[in-house]
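Trainee: Dumping the structure here so I can ask a few things about it.
The values are calculated or read from the model by the stated rules, or taken from the named source; none is laboratory data. If you're wondering where the values come from, they're calculated on a predicted model, not measured in any experiment. When we count neighbours, we look across all protein chains shown, and the Cβ atoms used for this are built from the backbone with ideal geometry, even at glycine. Areas reflect the complete protein model, heavy atoms only, side chains present, ligands, DNA and RNA absent. Shrake-Rupley method; radii C 1.70, N 1.55, O 1.52, S 1.80 Å.
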Amino acid sequence: MSDSEPGDSDEMAETAERAAELRRLIEHHASAYYQLDAPEIPDADYDALLAELRDIEASHPSLRSESSPSEKVGAPPLALFAEVRHDPPMMSLDNVFDMEEMAGWMEKMARVVPEVSGAPLVCEPKIDGLAVSLVYRDGLLVQAATRGNGRVGEDVTANVMTIGAVPHRLAWPSSLGPVPALLEVRGEVYMPVPDFEEMNRRQMEASERTFANPRNAAAGSLRQKDPAVTATRPLSYWAYQLALIEGYPMPETHSGCLELLGSCGLPVNPRTRVVVGIGEVMSVCAEWQAGRHDLDYEIDGAVVKVDDLGLQERLGATSHAPRWAIALKFPPEERSTRLVDIQVSIGRTGRATPFAVLQPVVVGGSTVSMATLHNEDQVRLKDVRPGDMVVVRKAGDVIPEVLRPVLSERPAGLPAWRFPRRCPSCGGPLVRLPGEADTFCTNIDCPAQRVQRVVHFASRAGMDIEGFGEKRVGQLVDLGLVRDPGDLYGIPTGDLAGVERLGDLSAQNLEAALQASKSRPLDRLLVGLGIRHLGPAASRSLALSLRSLDAIAASDESTLAGIDGIGPVIAASVRGFFDSEANQAVIAKLRSAGVLAAAPPAGPLQASPVPSTAGPSTAGPAQTLAGRSVVVTGTLEGYSRAEAEEAIIARGGKCPGSVSKRTWAVVVGTDPGASKLKKADELGIPVVPGARFEDLLSSGELPVGG
Ligand code: IVH
């Protein structure tokens, strides 16, 4: 529709207003991103604002303006650094978001310059850092500059000189003749992800500013007034364009340029590939997208460039981007959305976990409408409030996370969230003991706890009974058909079929699943019963050693504690479990239903091995950690906390709750405690990744090299 059509002046006024609003927002966020290195919203949200403005300007020519942010690249430089003019200008890239758009770009190029069809293309990872140009005169680095607004950037020479990956002198091969008088290379300064995480941890401990992501950390570290500060920051560089060369002929292809840069000692990304046709582009991009988290630097897409520089020249550029290159942006892993509410869920032990109810948002390849907030302190620390716009992150298989509020969009007077005082399920009090992070519903009859206990019993790690997820079990508990795992096998068939929205066929499937589960081995039953501290590793030890539920139930604490992998904490918990009349009733029901609970076959431990270097289990494992103090922090796969601690103790080690100078090693699982890590760092205590825990147990030696 043309904007000069009569009769739509209201709509036109609205569109003009929206365009003005978008320009304001874009300018605000561009300054936060480019000048302050402190973006408030995710890149994907910024891109969406820019795309909306470009759409409006494309369909309403009268609303176009040369001063529109849609015409600019980046932001003008800060006064902190001297200005550097870029000639040729440092351009941006146009984006595509899927392969259809990629094919569209290729067709468009072929319409302008037909020889492009079938011509080689270079695929490069799109590094998420900041563009920096390097100028070498007679082989010596004389100037480094940020992109700034594309025409004028900031002189960051002294800071770039501190980056180890950037050569001060080109390693120009003498076989190529004299070193060129002038060589300008452009590329990306970035911070490797592990270094970023480590640096942010240190910054937080020192109460210094932390960065939202590796890209901002790279930008913030490079744009320091004092190069000595930059020198302490783990920055690196990938070269991706030979912009100028004098005194040596410009190669004819982009891949030739990259090869030349590589042979001068400049770091060129080894994943770069020369391909032909959309099919190959597609497979390279798909491979990189799937493996993006396997790299130790962040990439947010792939860049595809026409290889032949002659064709590049004929294709030319628009006002802000070359026509011969395109960026495929991967689906964003961070988006902002409205935090509708914070609610609390009750687990099988009664733990009350706050979680975010979000306006659904597509992020990291799926729609996210909920995310855990872990505990009361986490909500306070993040300062997220119902009604806030919040940044949500979902990366790969990792569970979605609420990162932070967008403070600039917080409605005035929005109250902070308060942890509820009553359980949302049973109405009983919620209790948080002093010094504890978690809050609990202490009512053992709480329906939510009942549901979760049964769901845990039927879960994969437990009895693996398909069809008994939270929703179905919730229905059964609500109907009064199930109160504990023992009831599952006693539901009359007719009653199952009567459960809402459950047809005959599903009822039969549930029956079959229940029937099949009766032959699960003893260790799975033990896990399913949810005995405190008893995880898969110790369950297996117990089952292998005592071989029947009766024998376990009849064993006293000291017998239990003598078993490999079981120490006093687990032994007391197991004893307490079997002493409870309520639990005895559950077991009686399981028994009369025909649950066999046979001992698992001996042999190599599979699911969660507890390495045993000694022969019979009564002799106990080899004392590999004799006299050593090993602290565990975070969750270790296949081990409950108590199991991990007792596995250490069984090998002669000690397992105190805090790190001191007597600590020999700290084993770090997922979600480790910051204070333990900090202490280990301060005292220089070796840190062992959770994945190497079993090596540590069996060898008693600190693993070398991560
Ligand atoms: S080529 C004229 N190649 O992405 C061509 N850029 O969104 C200029 N980037 O400003 C860019 N990896 O900061 C190119 N392999 C790569 C890149 C890359 C990251 C950045 C660069 C650029 C931005 C455009």
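Trainee: Can you give me the Cα centroid spacing of the stretch 416-494 and the stretch 170-217 in angstrom?
Mentor: Using only Cα atoms, the two centres lie 50 Å from each other.
Trainee: May I ask you to derive the FRET efficiency for Met161 and Tyr248 from their Cβ-Cβ distance with R0 = 30 Å, giving the value to the nearest 0.05?
Mentor: Here the calculated transfer efficiency is 0.80.
Trainee: Is the C-alpha gyration tensor of the chain telling us rounded, prolate or oblate? Criteria: a/c under 1.5 is rounded; beyond that, a/b larger than b/c is prolate, otherwise oblate.
Mentor: Because a/c hits 1.5 or more and a/b exceeds b/c, the chain counts as prolate.
Trainee: Sticking with this one: What is the helix-to-structure angle for 581-593, meaning the angle in degrees between its Cα long axis and the longest Cα principal axis of the chain, kept from 0 to 90 and rounded to the nearest 10?
Mentor: Value to nearest ten degrees: 90.
Trainee: At a Förster distance of 51 Å, what's the computed FRET efficiency of Ser31 paired with Ile444, Cβ-Cβ distance as r, to 0.05?
Mentor: Efficiency, from the Cβ-Cβ distance: 0.35.
Trainee: Moving on. Where the centroid of each part is defined by its Cα atoms, how far is the stretch 251-279 from the stretch 225-244 in Å?
Mentor: When both Cα centres are located, 20 Å separates them.
Trainee: Starting with the highest mean, order 305-315, 247-257 by the number of other Cβ atoms within 10 Å, averaged over the residues of each peptide.
Mentor: Averaged packing, sorted descending, gives the order 305-315, 247-257.
Trainee: In addition: Extending each Cα 7 Å along its Cβ direction at Asp10 and Ala228, get the distance between those two points in nm, one decimal.
Mentor: If labels sit at Asp10 and Ala228, their model points lie 6.6 nm apart.
Trainee: Using a basic spin-label model with each label point 7 Å from the Cα along Cα→Cβ, how many nm lie between Ala585 and Arg54?
Mentor: Result for the modelled spin labels: 6.7 nm.
Trainee: Also, I was wondering about something else. Can you list the lysines whose alpha carbon is less than 26 Å from that of Lys108, not counting same-chain residues fewer than 8 positions off?
Mentor: Lys108 reaches Lys72, Lys126, Lys305, Lys329.
Trainee: Excluding residues fewer than 8 places away in the same chain, name every one of the aspartates and glutamates whose C-alpha is closer than 17 Å to that of Lys382.
Mentor: Glu40, Glu205, Glu208, Glu334, Asp341, Glu401, Glu409, Asp438, Asp671
Trainee: If you fit an axis through the alpha-carbon atoms of helix 43-59 and take the longest principal axis of the Cα set of the chain, what angle between them do you get, 0 to 90°, nearest 10?
Mentor: Computed tilt is about 50 degrees.
Trainee: What relative contact order, as a whole-number percentage, does the chain give when Cα pairs under 8 Å and 6 or more residues apart are counted?
Mentor: This gives 9 percent for the chain.
Trainee: Given a 1.4 angstrom probe, I'd like the percentage of the accessible area of the stretch 5-144 that is carbon and sulfur, rounded to a whole number.
Mentor: 52 percent
Trainee: Hey, with R₀ at 22 Å, roughly what FRET efficiency would Val357 and Arg380 work out to, going by the Cβ-Cβ distance, to 0.05?
Mentor: Calculated value: 0.75.
Trainee: At 7 Å along the Cα-to-beta-carbon direction for both Ala171 and Thr670, put a label point, then send me their distance in nm to one decimal.
Mentor: So the label points at Ala171 and Thr670 sit 4.0 nm apart.
Trainee: Now a separate question. Compare the peptides 537-548, 354-365 by average per-residue count of other Cβ atoms within 10 angstrom and give them in order, highest first.
Mentor: Taking the mean over residues of other Cβ atoms within 10 Å, the ranking is 537-548, 354-365.
Trainee: Turning to a different aspect of this structure: Angle check, please: helix 536-546 long axis (alpha carbons) against the longest principal axis of the chain (alpha carbons), in degrees 0 to 90, nearest 10.
Mentor: Rounded to the nearest ten degrees, it is 30.
Trainee: Placing unit charges on C-beta atoms (Lys and Arg positive, Asp and Glu negative, everything else neutral), compute the dipole magnitude of the chain about its Cα centre in debye, rounded to 20.
Mentor: The dipole of the chain has a size of about 2540 debye.
Trainee: Let me ask you something else. If packing is taken as the average count of other Cβ atoms within 10 Å, what order do 187-197, 21-31 fall into, highest mean first?
Mentor: 187-197, 21-31
Trainee: OK, next. Quick check: at a probe of 1.4 Å, how many percent of the accessible area of the stretch 329-371 sits on carbon and sulfur atoms?
Mentor: Roughly 49 percent, rounded to a whole number.
Trainee: Need the list of lysines near Lys678 for cross-linking: C-alpha distance under 17 angstrom, and skip anything on the same chain fewer than eight residues off.
Mentor: List returned: Lys661.
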